[in-house]
Structure formats: C-alpha cells, structure tokens
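Below is one structure, written out as structure tokens; the observations come after it.
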Amino acid sequence: MSNNLDVEGRLRRYAQAFRREANPRHDLAGVLMTGVRQGRPRPQGPVAMAPAFAMAGGVLVAGILIAVGAWQLRTLGHRPPTPPVVLPTPTPSATAEPTPNASPSPTPTPSIAPSGTVPGGIPALASIQMVGPHLGWAVGSHAIYATSDGTHWTKQYSSPEDFVGVDFISATTGWVVGGQTLIGTTDGGRSWHQLGESRQLIRSVHFINANQGWGISGGDPLVMHGVLIPYGGGSVIVTNDGGRSWAELNSPRDPQSVCFSDGGHGWLVTESATVYRSQDGGHTWDQVLQMARSQTGLSGWGRAECAAPSALWVQWAPGGAAMSHSPYVVYATVDGQLWRTVMAEPGTIGNELPGVPAGPGSYPGSFSVVDPSTAVFVGDTPPATGQTTMIATNGGATLKTTGEIAGAWQTFDAAFVSTSLGWVLTVDVNRHIVIVATIDGGYHWSQQLAVTP
C-alpha cells in the first residue's frame, strides 16, 4: 500500500511542475503580438488578425492536451474497478440415450406413498409363469430369472426388493409385483420400469392386454403359492394404462384374489369364503358360490384362476391346522353355472364333505390351470420329502395321480402349459430353492435351477 502512495505522490508533483512550465501567462498573446508589431510592418485587413487567431488556438489546444495528460498521470496509480462479468446460461446439449438395462426407470408415482404392510419371508423363488413351452419367468427374493428355451435359466434382474407375483400376456409384455413396487417390461425383461401404485400397496395383478388389468391392494398379506393374499382390508383396483395409474372399484368386503378373462367377465374370491362374478368389468358383483368353512372365526384364504369368460378354478383354505394337516377345498366351473367340488384335504374338511375325492397333499399346494376343463395340482405334505402330482380333467370330474417330486418337502408355485409339460418351484433336501420340470405329466422330474436361500 505505501509503495502505491509514493508513486502517486511523485506523479502528482511531476504533473504540477509540468503544468507550471506549460501554463503561459495570461497576457502572453498580447506580448507576442507587440513584439511582432514592433519588428515588422502591420498587415492590413483580415490577414492582420490571422496570427492572433492562430496563436490563441495553439494556446487552447496546448492547454487541453496538458490537462488530459495530467489526468492520465493521476489515474496511473489507481486500478479501475473491474466491471461484473455475466456468463451466459449454458444451453443443454444433446446426450446419448442410455442403453436399456434391467433397472427400473423412474416414472410418475402417487404423491403420497402407498400404505400397507410390506411382506416378509419371501423365498428366493416365489412365483413362476410360462408363456408357451420355451419362454418363462420366475421371481422371488431380490431377483427375476428367465428362460428362453424352457430349460436353462439366467438371472435377468437383481434388486434389493422382494418379488411375489408375475403376470405375462406375451413374450414381451409382463408385470412383476414387488413388496413395495410394481414393475413392468415391454421387451421381454431386458429392461424394467417402475409403475404406479394404488392408495395401498398392490398385492396381485392380472392383465388381459397391454393396457387393461385388475388387482388387489391393501390388507395384511400372506405369501401363498405364487401370490400375495391379503387378510382383511383389501380393495379391488383397475388400470387402463398398463399399470401407470390405478383406481379402486366398489367390491364386496375383504377381496383376496381377482382375475378377468376379458374386459367384462371376471371373478372375485373374498375372505368370507364367497365367490363373486362380474360381467361389467368389475363395477358390479354377483354372489355365485358359498364355499365350505371348517371353523367359525378363522380367517381363510382363496386363490382364483380364470380359464375362460365362464370358467374358473378356486383353491380355498378355510384356516386352521393340526397334526400336519391343513384344510383346503378346490372348486371349478366350466360354464359359470354348475360348480363341482373337485377335491379336499382328507384328514380335516374332507370329513365334512362326503364323496369328495382327496387331494394330493395334507396342506394346500401349488396348482396351475391349463384350460377351462384342465388343471394340475402338486400337493404339499410336510415333513414328507416328496410331493405328489395330480391332474384334473373334464372340469375336475376325473383325477389322476402321476408321480412325485423326490426330495421336495414344500412347493411355492407351479406353471403347466399342458398336462405333460410343467415347472414347479420347490425346496430340495439341501434346502435350496429350485426349479424342477417334467415332460411326462409329473412321472419324472429334472432340476433346472438351484438358488441358495
């Protein structure tokens, strides 16, 4: 700072001295003119005034130049303030689109997080669906697996979330229900995107095309053979935009499982052991069947599988268990009018249903509907290490026991595309969760994938 002041002082003194030397006396023009007149004759006319004007102009210009020079000298010691620099806002540049991968992409979701209990205890493989003899998907804890040849399975997607429920309508378009989110794909699972939620967490979905689907939301969920079944407080929901948004429908109390065969015809099972039918897309429901109940006050669960606009298969478990037996009953209709009690657990509720054939296990097991009149059942009989396969044909009028899955003591889900070709999720003797397959209706089984719990 002192160096700057010294420089400025010296510059000031130089400027003052320069001004003293440069500033002429005020009568300098007159003195000069007098000397000129005395030394030579005075010109006549306007020419006589030219020297005076020239002298005065020169003095004026000299004064201006001196003043400017002095000002410049004064400002040499001071740095002028730097004007603010305004940077233009950068224009967003085009970026390359990311390569599709198997991670959900954010999409619009409700502003308020959906309520509901997040299910726990999800097995590594919890649900399976096949689209023909070659394409299929299996979902469970933290992963989605896929096959393109019906034999070899690969992990298609990994996630910190648990998945229970898979629904594909084609080789490219499908949905997977997670414990807290619903995700979908339109490219066969190469990429997955997060979809919308209802007011309460979605428990199951069933689509008839890429846009229209129904589901159950809310309630306290039970993980049961490939799907979440809510106890109390559930709601029927519908979407018309592929699952991006959902709306609740008026329905009977405590719905647990819903399915539709087309835009009008659907079925609903409730906790009260009642089956309802809708013919207007779920806006109204008519009671069509009251199923058996074993004990008053116990909560039961039911699973509905649509097969055609007028065909339905229902597995109903009225609740309660004793001595390694848990009651269940299977009902079926092929025309929506006449119902058949297909099978029942023989050691419990079967005693109250004389003439009804025994099912393949002592616990409600996995089943898969093949067509309106055909379904395949795989029984659960813990702690036995082998589960029996039973094929129901003619609308459940004919039952045939085939073989058993050796070493299996529990099943989680099943998917059959014919009475011969099918896949089952089960647990082997090493407690691995495995996919086993049969090509002869359950007489023989081969393991295709094993996942450590």
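The values are calculated or read from the model by the stated rules, or taken from the named source; none is laboratory data. Since the structure is predicted, the reported quantities are computational estimates derived from the model, not experimental observations. Backbone-built Cβ (ideal geometry, glycine too); neighbour counts: all protein chains shown.
Here is how the numbers come out for the structure above:
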item: Members of segment 436-453 that are assigned to a loop (DSSP other than H, G, I, E, B) and not polar (S, T, N, Q); result: I439, D440, G441, G442, Y443, H444, W445, P453
item: I122 being assigned to a loop (DSSP other than H, G, I, E, B), in contact with a Phe, Trp or Tyr (Cβ under 8 Å, 6 or more places away or on another chain), surrounded by 13 or more Cβ atoms within 10 Å (Cβ to Cβ) and at pLDDT 50 or above; result: yes
item: Inter-residue pairs, beta-carbon under 6 Å, first surrounded by fewer than 23 Cβ atoms within 10 Å (Cβ to Cβ) and in segment 153-166, second at pLDDT 95 or above and not in a strand (DSSP E or B), 6+ apart; result: Q156/G189
item: Residues within segment 244-278 that are under 26 Å from the mean Cα position of the chain (by Cα) and crowded, with 22+ Cβ neighbours inside 10 Å, tallied; result: 7
item: Qualifying residue in segment 285-297 (condition: more than 23 Å from V356 (Cα to Cα), modelled with pLDDT of 95 or more and of a type outside the set (S, T, N, Q)); result: yes
item: Top-ranked residue in segment 167-179 [being surrounded by fewer than 22 Cβ atoms within 10 Å (Cβ to Cβ) and β-branched (V, I, T); ranked as farthest from S245 (Cα to Cα)]; result: T172
item: Listing of strands (runs of 3 or more DSSP E) fully contained in segment 214-285 that carry 2 or more residues being closer than 29 Å to T185 by Cα and small (G, A, S); result: 227-239
item: Residue tally, condition modelled with pLDDT under 95 and of a type in the set (S, T, Y), over segment 220-242; result: 1
item: Spans of strands (runs of 3 or more DSSP E) in segment 393-435 with at least 1 residues free of Cβ contacts under 8 Å to residues at least 12 places away in the same chain; result: 398-406
item: Subset of segment 390-410 [surrounded by 20 or more Cβ atoms within 10 Å (Cβ to Cβ) and over 36 Å from the mean Cα position of the chain (by Cα)]; result: M390, I391, A392, G395, G396, E404
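Quick grid of which residues meet (1) free of Cβ contacts under 8 Å to residues at least 60 places away in the same chain; (2) over 21 Å from T402 (Cα atoms); (3) in a strand (DSSP E or B); (4) in contact with a Phe, Trp or Tyr (Cβ under 8 Å, 6 or more places away or on another chain):
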position: V330; (1), (2), (3), (4): no, no, yes, yes
position: L338; (1), (2), (3), (4): yes, yes, no, no
position: V342; (1), (2), (3), (4): yes, no, yes, yes
position: P346; (1), (2), (3), (4): yes, no, no, no
position: N351; (1), (2), (3), (4): yes, yes, no, no
position: P354; (1), (2), (3), (4): yes, yes, no, no
position: P360; (1), (2), (3), (4): yes, no, no, yes
position: G365; (1), (2), (3), (4): no, no, yes, yes
position: V376; (1), (2), (3), (4): no, no, yes, yes
